[in-house]
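Remarks on the structure that follows.
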Amino acid sequence: MSDNEVHFFHPRPGPRERHLKRRYRNPLFGDDAVVTQDEVIAARRADREDMDQFVKDVKVLFDQAAHLPPNVESDVILGLKSRCDQLFEHSCRFGVDLGKEQQALKRLTEVIMKAVWQGAGNDTQARGELEQEEVARAEHYRLLEHKLIVDLLSPESPIQEDHLVATLLSESEEAVERALQLFEPAHRAAMLSQAGELLDQLDRNGVATGRWRDRLILFGGRH
C-alpha cells in the first residue's frame, strides 16, 4: 500500500468510516479530502464501540419493559416509547444487519402504542394526536432508509457544518432530495449559494464539476 493510499474495511461501514469514505479523494472537501489509514482504523473502532453500546442499551430497555409493575405510570410508558424511537434511529447508523433488533423495537413500540391508545379512551383530541404521531413515525422510518439522513440526524453526526454542502453534493439524487426536507427554506437557500461558490472555485482550479451541478436544482437553483 502506498503512503497516500487508504483501505476501507467494510463495503457497508458505520457512520464515522462512512463519512471518511465520502471525503476520501473528493475535491468537494478541499483539504479534508486527505484521509489517513490511522483515521480509518480509529473510525472503525469507534463505530464498533458505538454498535456494542447500542446492543447493551437495547437489552436494558427490554429488561425494563419486561419488569414493569402493574398500573405503571403513563410517563414511564411514554419514556419507554421515546427510547424505542431513539434506539431504532440509532440502529440505522450501522452497516451491519440489525434487522432482528429493529423488528423487536418495532414490536415493543406497537405494544406501547396499544397501551397509549387505550389510555386515550374516547378523547377525540388525544386520538387525533396519536394518529398524527403514527403517520409521522412511519414517514420517519422511511427517511431512515437513507444513510445520509441517518448521519445528519445523529446526535454524534460525523457531518460537521463545514462539510454539509460537500456531503449533499456528493450523495445520490434521491437521498439529497429527501435530506433537504430536513432544512428550512432559508437554510437551503444559504446552502445553494455556498454550493455554487464551491463549484465555481473548483472550476477555476481546473476540476470538472458537471457531475455535481445537477444537484443545484434540488437545492432550488440552476446548473
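The values are calculated or read from the model by the stated rules, or taken from the named source; none is laboratory data. Just so you know, these numbers come straight off a predicted model, no measurement behind them. Note that each Cβ is placed from the backbone with ideal geometry, even for glycine, and that neighbours are counted across all protein chains shown.
Quickly run through the stretch 55-80 and pick out the residues that are closer than 23 Å to C92 by Cβ and not charged (D, E, K, R).
V55, V58, V60, L61, F62, Q64, A65, L78, G79, L80
For the stretch 132-147, check the following and say yes or no: at least one residue is modelled with pLDDT under 90, acidic (D, E) and outside any helix (DSSP H, G or I).
No, there is no match, as no residue in the stretch 132-147 is modelled with pLDDT under 90, acidic (D, E) and outside any helix (DSSP H, G or I).
Would you mention how many residues in the stretch 113-153 are farther than 27 Å from R178 by Cβ and hydrophobic (A, V, I, L, M, F, W, C)? So that I can check it myself, show each step before the final result.
So in the stretch 113-153, the residues farther than 27 Å from R178 by Cβ come out as 114-127.
Filter once more, so that each one left must be hydrophobic (A, V, I, L, M, F, W, C): 115-117, 120, 126.
The total comes to 5.
If a residue has to be at negative phi and surrounded by 14 or more Cβ atoms within 10 Å (Cβ to Cβ) to count, how many in the stretch 25-40 make the cut?
Step one: of the stretch 25-40, the residues at negative phi are 26-29, 31-40.
Narrowing further to those that are surrounded by 14 or more Cβ atoms within 10 Å (Cβ to Cβ): 26-29, 32-33, 35, 37, 39-40.
Final tally of qualifying residues: 10.
Filtering the stretch 66-121 down to residues that are aliphatic (A, V, I, L, M) and in contact with a Lys or Arg (Cβ under 8 Å, 6 or more places away or on another chain), which residue is surrounded by the fewest Cβ atoms within 10 Å (Cβ to Cβ)?
Looking at the filtered set, the residue picked out is V96.
For the stretch 60-75, which positions are among the aliphatic types (A, V, I, L, M) and at pLDDT below 90? Don't jump to the end; show me each part of the working.
Pass one, the stretch 60-75, residues among the aliphatic types (A, V, I, L, M): 60-61, 65-66, 68, 72.
Within the stretch 60-75, L68, V72 meet the criteria.
Got a number for residues in the stretch 88-114 being part of a helix (DSSP H, G or I) and either of a type in the set (G, A, S) or under 17 Å from E133 (Cα atoms) (or both)?
Qualifying residue count, the stretch 88-114: 15.
In the stretch 197-211, what count of residues is obtained for those that are at pLDDT 95 or above and within 25 Å of the chain's Cα centre (by Cα)?
Adding up the residues that qualify gives 1.
Please verify whether A104 is of a type in the set (A, V, I, L, M, F, W, C) and either modelled with pLDDT under 90 or within 16 Å of the chain's Cα centre (by Cα) (or both), treating the condition exactly as stated.
Against the criterion (of a type in the set (A, V, I, L, M, F, W, C) and either modelled with pLDDT under 90 or within 16 Å of the chain's Cα centre (by Cα) (or both)), A104 does not qualify.
Could you please find all residues in the stretch 5-57 being touching an Asp or Glu at 6+ places or on another chain (Cβ under 6 Å), modelled with pLDDT of 95 or more and not in a helix (DSSP H, G or I)?
If the condition is that a residue be touching an Asp or Glu at 6+ places or on another chain (Cβ under 6 Å), modelled with pLDDT of 95 or more and not in a helix (DSSP H, G or I), then no residue fits.
Which of the residues spanning the stretch 47-64 are crowded, with 16+ Cβ neighbours inside 10 Å and aliphatic (A, V, I, L, M)?
Within the stretch 47-64, M51, V58, L61 qualify.
Specify which of the listed residues (D85, D75) is assigned to a helix (DSSP H, G or I), in contact (Cβ under 8 Å) with a residue 12 or more places away in the chain and closer than 25 Å to P155 by Cα. Give the derivation first.
Details: D75 fails: in contact (Cβ under 8 Å) with a residue 12 or more places away in the chain.
Criteria check complete, one pass: D85.
Could you look through the stretch 150-170, keep only residues that are assigned to a loop (DSSP other than H, G, I, E, B) and touching a residue at least 24 places away in the same chain (Cβ under 8 Å), and pick out the one that is nearest to the chain's Cα centre (by Cα)?
So in the stretch 150-170, the residues assigned to a loop (DSSP other than H, G, I, E, B) come out as 154-160.
After this cut, where a residue has to be touching a residue at least 24 places away in the same chain (Cβ under 8 Å) as well, the list is 154, 156-159.
Numbers: S154: 5, E156: 10, S157: 8, P158: 10, I159: 10 Å.
Checking each candidate, the answer is S154.
Each row is one residue, and each column tells you yes or no for (1) of a type in the set (A, V, I, L, M, F, W, C); (2) farther than 18 Å from F8 by Cβ.
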residue	(1), (2)
D57	no, yes
Q64	no, yes
H67	no, yes
E73	no, yes
F88	yes, yes
G95	no, no
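Collect the residues in the stretch 99-120 that are of a type outside the set (V, I, T) and touching a residue at least 12 places away in the same chain (Cβ under 8 Å), keeping them in residue-number order. Let's see the steps before the verdict.
As a first pass, look at the stretch 99-120 and keep what is of a type outside the set (V, I, T): 99-108, 110, 113-115, 117-120.
Those that are of a type outside the set (V, I, T) and touching a residue at least 12 places away in the same chain (Cβ under 8 Å): E101, Q102, A104, L105, K106, L108, M113, A115, W117, G119.
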